[in-house]
Amino acid sequence: MKSIRQQVLETIAYLKPHISSSLDIGFMTGTGLSETLSSLEVIKRFDYNDLPNFPRTTVESHKGKLVYGTLSGKSILVMQGRFHLYEGYTPQQVSFPIRLMQELKIKTLILSNAAGGINLNFSSGDIMLIRDHINLTGQNPLVGPEEPAWGIRFPDMTRAYDPDLMVLARQSAANTGIRLREGVYAGLLGPSLETPGETRFLKTIGGDAVGFSTIMEAIAGVHADMKILGLSLITNINNPDAPEQTTLEAVMETAQRASANMNCLLCDMISRMP
């Protein structure tokens, strides 16, 4: 049976003739955010279904496209759609796109997601800069046989999200007039949404937003020695004392409505990157 790294290298061999040997940024889009970076000058699009060994997206609003292009002089690889543990994928499969980026020598990773707000000072449509995360999935992409080519066995997670990129995000928010919240992202297994009691627990342990993604990719990115920026689009507010039911359709609608701000923020950030 092929190792995950062998599978990644086969995917790389398929992509190499079509993309630049030098890539600057990798970007993973979240639910309802596939159209973010609309200013990207697209050079090539790939369907996940056509990429050797690549997992398949099963969640509505995740396009399942890999897009290669340029923006503000930077070459960018955009993953329009991600994979989730709740779909039945292993942590290694969820983080497969990050390993692909690692083998392509990408050093800057932008992770976006749609998340429920726990911090009651937040509003639906806000963008939250992820300062830190709490892994409550019970899983980790580094479990199993060690792959020395990908990183050390016990990576330090005290600065999972890059301080310099956070400063840049704050500067771009000020420049564009976009309100940028900050906080801690709590990652759950899903797919069932949180009970009021679970929301109270998440708030007690320091969570500001909650979702079912991002954690596996962030851990793999840290392991790969990437600089990581995390952004959550707050699609609804979880108030345990006044709970309101929500649906995927409502989440997608909010994400799509607010994606213009995410696009504006990221385009300004990328233009400021060296």
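The values are calculated or read from the model by the stated rules, or taken from the named source; none is laboratory data. Note that the structure is predicted; figures quoted are calculated from it, not measured. Neighbour counts are summed over all protein chains in view; Cβ atoms, including those assigned to glycine, are modelled from backbone coordinates with ideal geometry.
On the basis of being buried (at least 16 other Cβ atoms within 10 Å of the Cβ) and among the β-branched types (Val, Ile, Thr), does Ile205 make the cut? In short, no.
The lone criterion from (1) part of a helix (DSSP H, G or I); (2) closer than 23 Å to Ala13 by Cα left unmet by Tyr86 is number (2). In summary, helices (runs of 4 or more DSSP H) completely within segment 156-253 and bearing 2 or more residues that are touching a Leu at 6+ places or on another chain (Cβ under 8 Å) and either among the hydroxyl-bearing types (Ser, Thr, Tyr) or free of Cβ contacts under 8 Å to residues at least 40 places away in the same chain (or both) occur at 163-176. For segment 230-274, give me each residue that is of a type in the set (S, T, N, Q), within 18 Å of the chain's Cα centre (by Cα) and under 23 Å from Ala174 (Cβ atoms). Across segment 230-274, the qualifying residues are Ser232, Ser259, Asn261, Asn263. Scanning segment 106-123 for residues that are closer than 26 Å to Glu249 by Cβ, among the polar types (S, T, N, Q) and either buried (at least 21 other Cβ atoms within 10 Å of the Cβ) or in contact with a helix residue (DSSP H, G or I) (Cβ under 6 Å, 6 or more places away or on another chain) (or both) gives Ser112, Asn113.
Can you tell me how many residues within segment 128-155 are among the aliphatic types (A, V, I, L, M), outside any loop (DSSP other than H, G, I, E, B) and surrounded by fewer than 23 Cβ atoms within 10 Å (Cβ to Cβ)?
3
Looking at Val78, Val8, Val42, Val67, just one residue is more than 29 Å from Met252 (Cα to Cα) and not acidic (Asp, Glu), and that residue is Val8. For segment 158-171, check the following and say yes or no: at least one residue is out of contact with any His (no Cβ under 9 Å at 6 or more places or on another chain) and crowded, with 20+ Cβ neighbours inside 10 Å. Among the residues of segment 158-171, at least one is out of contact with any His (no Cβ under 9 Å at 6 or more places or on another chain) and crowded, with 20+ Cβ neighbours inside 10 Å, which makes the answer yes.
All but one of (1) modelled with pLDDT of 95 or more; (2) surrounded by 17 or more Cβ atoms within 10 Å (Cβ to Cβ); (3) within 22 Å of Ile98 (Cα to Cα) hold for Asn263, so report the exception by its number. Against the list (1) modelled with pLDDT of 95 or more; (2) surrounded by 17 or more Cβ atoms within 10 Å (Cβ to Cβ); (3) within 22 Å of Ile98 (Cα to Cα), Asn263 comes up short only on (1).
Can you tell me which residue among Met79, Met101 is closer than 28 Å to Val42 by Cβ, part of a helix (DSSP H, G or I) and out of contact with any Asp or Glu (no Cβ under 8 Å at 6 or more places or on another chain)?
Met101
May I ask you to verify whether Pro55 is in contact (Cβ under 8 Å) with a residue 24 or more places away in the chain, at negative phi and more than 15 Å from the chain's Cα centre (by Cα)? So Pro55 fits the description; yes. One residue is enough: does segment 115-131 have a residue meeting the conditions of a type in the set (Lys, Arg) and either more than 28 Å from Asn238 (Cβ to Cβ) or without any contact (Cβ under 8 Å) to a residue 12 or more places away in the chain (or both)? No, segment 115-131 contains no residue that is of a type in the set (Lys, Arg) and either more than 28 Å from Asn238 (Cβ to Cβ) or without any contact (Cβ under 8 Å) to a residue 12 or more places away in the chain (or both). Return yes when Leu85 is of a type in the set (A, V, I, L, M, F, W, C), surrounded by fewer than 21 Cβ atoms within 10 Å (Cβ to Cβ), in contact (Cβ under 8 Å) with a residue 60 or more places away in the chain and under 25 Å from Asn236 (Cβ atoms) and no when it is not. Spelling it out, it is not the case that Leu85 is of a type in the set (A, V, I, L, M, F, W, C), surrounded by fewer than 21 Cβ atoms within 10 Å (Cβ to Cβ), in contact (Cβ under 8 Å) with a residue 60 or more places away in the chain and under 25 Å from Asn236 (Cβ atoms).
Could we say that Glu103 is over 17 Å from the mean Cα position of the chain (by Cα), surrounded by fewer than 23 Cβ atoms within 10 Å (Cβ to Cβ) and at pLDDT 95 or above here? It is true that Glu103 is over 17 Å from the mean Cα position of the chain (by Cα), surrounded by fewer than 23 Cβ atoms within 10 Å (Cβ to Cβ) and at pLDDT 95 or above.
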